[in-house]
Amino acid sequence: MKLAQSRYLPIVWMLFILALSIVPLPHLPKIEFNLIGIDKLVHAFFYFVLTYLWHRVWSYSNPSFSAQQKTIFSLLIALVYGLGIEIVQEYGVTNRHFELDDLIANCIGSLFANIWLNYNRLKLAKV
């Protein structure tokens with residue numbers, strides 16, 4: 001099985017995100033809403049990759065899925081996972097907090113992944 005087809009790759013990526021997200025950081029102040037910054041770019045990148053990986057898994061494992069189904073499923077997994085991590089940070093991790101701007105950055109990364117994947121699909125369909 002090729003790496004791009006591996007069902008384990010998105011799960012490993014999710015565990016990587018989780019590990020980075022639940023590490024308690026000492027003296028981390030609660031930050032006011034801020035959607036601009038390197039932190040938010042990292043969030044967007046992580047969720048872009050997560051969405052891309054799930055989309056690829058479904059492309060290989062379920063070729064009967066429509067482009068719309070792959071888009072919806074990959075987007076939903078990324079969004080629910082991101083929300084879950086934010087909730088864990090608020091209630092289960094010392095010195096971490098739920099941040100709406102992190103969740104928005106996650107959504108932006110996931111949306112860009114789906115836009116990019118569907119743009120490339122349409123571009124290849126024209127060839």
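The values are calculated or read from the model by the stated rules, or taken from the named source; none is laboratory data. What you see is a predicted model, and the numbers here were worked out from it, not measured in a lab. Virtual Cβ from ideal backbone geometry, glycine too; neighbours counted across all protein chains shown.
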Filter region 60-93 down to the residues that are among the hydroxyl-bearing types (Ser, Thr, Tyr) and touching a Leu at 6+ places or on another chain (Cβ under 9 Å), then identify the one that is surrounded by the fewest Cβ atoms within 10 Å (Cβ to Cβ). TYR81
Mind checking which pairs have a first residue in region 62-83 that is touching a residue at least 24 places away in the same chain (Cβ under 8 Å) and a second that is surrounded by 19 or more Cβ atoms within 10 Å (Cβ to Cβ) and polar (S, T, N, Q), Cβ under 6 Å, 6 or more apart or different chains? THR71/ASN114; SER74/THR51; LEU75/SER110; LEU75/ASN114; ALA78/THR51; ALA78/SER110; GLY82/ASN106
Only one of these conditions is not met by ILE87: (1) modelled with pLDDT under 90; (2) within 15 Å of ILE17 (Cβ to Cβ). Which number is it? (1)
